[in-house]
Amino acid sequence: MITKEQALENAIEYIKKRNRNYVYIVTKEKIIYEEKKYINYGKYEEQERNIYVINYDIEGYTEPIPHFIAVDAETGEVLFTATPHGYVEDWED
């Protein structure tokens, strides 16, 4: 199992690799761990995984827009980025 620090590093690296801009990203103390979370998108769709959820916000018109990166707690792999408008990977790929 990876640590919260490793999950945060993986998320920041993922954001940079995908050339995303953000105005805020959580600190390790605010990262959420979810055990046996049902995954409904991506490579592990319809499976249960232990994940870390890392929040970052992008600039919005009137207020920041929250984005949530799910990182596999066992492997450190970024699973997806969820937003109020869907999954960011759908727009990027």
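Brief remarks on what is shown
- 0 to 90° range, to nearest 10: angle between helix 4-17 axis and the chain longest Cα axis: 50 degrees
- Cα pair distances of region 4-84 binned at 10 Å [whole percent]: 19, 52, 26, 3
- For region 4-84, the tally of Lys pairs with Cα-Cα distances below 25 Å comes to 15, considering only residues 8 or more apart or on different chains.
- At R0 = 25 Å, FRET efficiency that the Cβ-Cβ distance of Ile58 and Tyr38 yields, to 0.05: 0.45
- Estimated [θ] at 222 nm from DSSP helical runs (n ≥ 4, -39500 (n - 2.57)) normalised by residues in the chain, nearest 500: -6000 deg cm²/dmol
- Sparse-neighbour loop sites [chymotrypsin sites (Phe, Trp or Tyr not before Pro); the chain; at most 15 other C-beta within 10 Å; DSSP]: Tyr22, Tyr61
The numbers here are math on the coordinates, done by the rules we state, and not lab data. Remember, predicted model here, so these are calculated numbers, not experimental data. Virtual Cβ from ideal backbone geometry, glycine too; neighbours counted across all protein chains shown.
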